[in-house]
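The values are calculated or read from the model by the stated rules, or taken from the named source; none is laboratory data. Everything numeric in this text was worked out from a predicted model, so none of it was measured. Note that we place each Cβ from the backbone using ideal geometry, even for glycine, and neighbour counts take in every protein chain shown. For the accessible areas, the whole protein counts, side chains as well, though only heavy atoms, and no ligand, DNA or RNA atoms are used. Shrake-Rupley method; radii C 1.70, N 1.55, O 1.52, S 1.80 Å.
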Amino acid sequence: MQKRDFKKRRPHMREPKEFEEQVIQIDRVTKVVKGGRRLRFRATVVIGNKKGKVGIGVGKSNEVTGAIQKAIAKAKKCMITVVLDGSTIPHDIKNKYKSSIILLLPAAPGTGIIAGGTIRKVLELTGVKDILSKSYGTTNKVNNTKGIFEALGKLRKTPFMEKKAAAAAKSREAAQAKAKEKAKAKPAPAPKKDDKKEDKQKEEPKKPEENKPEAKTEKKEEKKSNQKE
């Protein structure tokens, strides 16, 4: 019998998802046909990257997992980019979709998301952190999600936001210009003491010592004469 090598396998690292997903509702729906009723599942899903991109989708299938996958695929096809002013929305907006009426109001930093279940999920995946909201007319989750999706798509930039962006761009340019001036005005680093010594030694070549061997011979002769005496 050959022995099997049970080597430790590396854990499979999953790639981070581009969009986060939230299932809003799963319903059982029936379709009446000639032979009777057909049962299916309908899933309503919201996806977003929490940086201004969001999409919603509705999918139907004989199984729950299939319905969710279809809804995610549809949501990716109909994504929108939402205009945000920091952590909130730029202006208030009121939108009517069928029987649902959605009201969104900007809020100060630190307020949080003041919203119900379905609206909260959509706003969280959009990237909004401070907002006030109210929904009227109906409690139908599908209609409310579609209504807030339309409301977020209608948001536009305000003149105040444009002025703010222009001022920020000017401040960046000024900071970059100052940094360049400082880099140009920096003096060259002063040489160290050791470097100065090395430079002097390089500049002054050593003189050949010709008289040293003669001095040694004279000393030897003096010693010999003293010994003889």
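Considering region 87-97, and only residues there that are in contact with a strand residue (DSSP E or B) (Cβ under 6 Å, 6 or more places away or on another chain) and part of a strand (DSSP E or B), the residue that is most open to solvent (accessible area, probe 1.4 Å) turns out to be K94. Considering K146, K154, the condition of being open to solvent by 100 Å² or more (accessible area, probe 1.4 Å) and modelled with pLDDT of 85 or more is satisfied by K154 alone. Of the candidates I102, I113, the single residue that is out of contact with any His (no Cβ under 8 Å at 6 or more places or on another chain) and open to solvent by less than 20 Å² (accessible area, probe 1.4 Å) is I102. Would you confirm, using the coordinates I've provided, whether V32 is in contact (Cβ under 8 Å) with a residue 24 or more places away in the chain and either more than 22 Å from the chain's Cα centre (by Cα) or part of a strand (DSSP E or B) (or both)? Answer is no for this residue.
Among the residues making up region 120-156, those that are touching a residue at least 60 places away in the same chain (Cβ under 8 Å) and under 22 Å from the mean Cα position of the chain (by Cα) are K121, V122, E124, L125, T126, G127, L152.
Across region 108-130, the qualifying residues are those that are assigned to a loop (DSSP other than H, G, I, E, B) and among the β-branched types (V, I, T), and the one among them that is nearest to I56 (Cα to Cα) is V128.
In region 38-86, which residue that is small (G, A, S) and surrounded by fewer than 17 Cβ atoms within 10 Å (Cβ to Cβ) is modelled with the lowest pLDDT? Explain how you work it out, then say what you get.
If we filter region 38-86 for residues that are small (G, A, S), which is where we start, we get 43, 48, 52, 55, 57, 59, 61, 66-67, 71, 73, 75, 86.
Cutting the leftovers down to surrounded by fewer than 17 Cβ atoms within 10 Å (Cβ to Cβ) gives us 52, 61, 66, 73, 86.
Details: G52: 92, S61: 95, G66: 95, A73: 95, G86: 88.
Per the stated criteria, the residue is G86.
Can you tell me which condition K180 does not meet? The list is (1) modelled with pLDDT under 90; (2) open to solvent by less than 100 Å² (accessible area, probe 1.4 Å); (3) part of a helix (DSSP H, G or I), and all the others hold. Every condition holds for K180 apart from (2).
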